[in-house]
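Asks: Take a look at this one; I'll ask things after.
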Amino acid sequence: MITSNIKAIIQSDIHKVWEIVLEVDNYSAWRSDLSKTETVNEKQFIEYTKEGYPTTFTITVVEPYQRWEFDIENSNMRGHWIGIFTSKDTETEIDFTEHVTAKKIFMKPFVKPFLKKQQAQFVMDLKKALAS
């Protein structure tokens, strides 16, 4: 299992950060890596990359303004994501951790760099969306 973590301070109120992160139907409006999202039901959604590659997310924990967790699966990997949100006055600290297993042995060396890149892009896009 491969683990990747990112922590960041977002210059925005925790309520705004929480709302934008959990509003998955609006991801394509601010996330530069996605073409669209599709809500399957209240516990499941699918993200599609710009190339149309789908990843399914199944929500397992929702503790408003504190914690959001889900299972992740696509044809290359499966895993679990944990998002911790902490209010710091007018700012929000986010702490996102992914635990992933590559489904194909040859993919294993590429998973951690891919996760690091995805996490950094998500944080950069989130900061940009909240600044506008």
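The values are calculated or read from the model by the stated rules, or taken from the named source; none is laboratory data. Because the structure is a prediction, the values reported are computed rather than measured. As a convention, Cβ positions derive from the backbone with ideal geometry for all residues, glycine included, and neighbour counts pool all protein chains shown. Note: areas computed on protein heavy atoms with side chains; ligands, DNA, RNA excluded. Shrake-Rupley method; radii C 1.70, N 1.55, O 1.52, S 1.80 Å.
Asks: For segment 11-53, what are the residues that are among the hydrophobic types (A, V, I, L, M, F, W, C) and not in a strand (DSSP E or B)?
Replies: Hits for segment 11-53 are Ile14, Val17, Trp18, Ile20, Val21, Leu22, Val24, Ala29, Trp30.
Asks: May I pose another question? Could you give every pair whose Cβ atoms fall below 8 Å, whose first residue belongs to segment 32-51 and is in contact (Cβ under 8 Å) with a residue 24 or more places away in the chain, and whose second residue is of a type outside the set (Ser, Thr, Tyr), counting only separations of at least 6 or pairs across chains?
Replies: From residues that are in contact (Cβ under 8 Å) with a residue 24 or more places away in the chain, the pairs are Ser32/Gln121; Ser32/Asp125; Asp33/Lys50; Asp33/Gln118; Asp33/Gln121; Asp33/Phe122; Asp33/Asp125.
Asks: Considering every residue within segment 84-101, establish whether at least one is of a type in the set (Asp, Glu), over 13 Å from the mean Cα position of the chain (by Cα) and either under 19 Å from Asn5 (Cα atoms) or assigned to a strand (DSSP E or B) (or both).
Replies: yes
Asks: Now for a different question. Tell me the residue from Thr3, Thr56 that is touching an Asp or Glu at 6+ places or on another chain (Cβ under 6 Å), closer than 22 Å to Pro113 by Cα and not aromatic (Phe, Trp, Tyr), please.
Replies: Step by step, each of Thr3, Thr56 is checked, and only Thr56 is touching an Asp or Glu at 6+ places or on another chain (Cβ under 6 Å), closer than 22 Å to Pro113 by Cα and not aromatic (Phe, Trp, Tyr).
Asks: Within segment 18-27, can one find any residue that is on the phi > 0 side of the Ramachandran plot, open to solvent by 50 Å² or more (accessible area, probe 1.4 Å) and modelled with pLDDT of 95 or more?
Replies: no
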